[in-house]
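Reviewing the structure listed below.
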C-alpha cells in the first residue's frame, strides 16, 4: 500500500514540475517566470527527498532557491520599468 502512495506522490510532483517548467518558458512576465522557476526547483528538491537524498535536496534549496532565485528576484525588481512613471523634460 505504501508503494501506491509513493507512486501517487511521484506522479503529482512530476506533474507540478512539468507544469511549472512550462510556465517558466511560456509566461511573458519575467516576475511570474521567476516564481514558476522557484516552484520547479522546489519540486525537484521534493523528488530528491522522495529518493532519500536529503542532503542533495537541502543543497538544491539552499543553492538554487536560496541563492540563484534571490539574485533573479533582485534583478527583476531593480530593472523593472514602471509604466506609470511620466518622463519630465526633453
Discussion item. So for the stretch 32-42 (the condition being without any contact (Cβ under 8 Å) to a residue 60 or more places away in the chain, assigned to a helix (DSSP H, G or I) and loosely packed, with under 15 Cβ neighbours inside 10 Å), does at least one residue qualify?
Written reply: yes
Worksheet entry | Selected residue (criterion: surrounded by the most Cβ atoms within 10 Å (Cβ to Cβ)) from residues of the stretch 1-21 that are within 14 Å of the chain's Cα centre (by Cα), more than 16 Å from residue 61 (Cβ to Cβ) and in contact (Cβ under 8 Å) with a residue 12 or more places away in the chain | 21
Practice prompt. Mind counting the residues in the stretch 22-31 that are within 21 Å of residue 81 (Cα to Cα) and touching a residue at least 12 places away in the same chain (Cβ under 8 Å)?
Written response: 3
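No lab work stands behind these numbers, since they all come straight from the coordinates. The model shown is predicted, which means the values in this text are computed figures rather than measured ones. Every residue, glycine among them, receives a Cβ derived from its backbone with ideal geometry; neighbour counts consider all protein chains shown.
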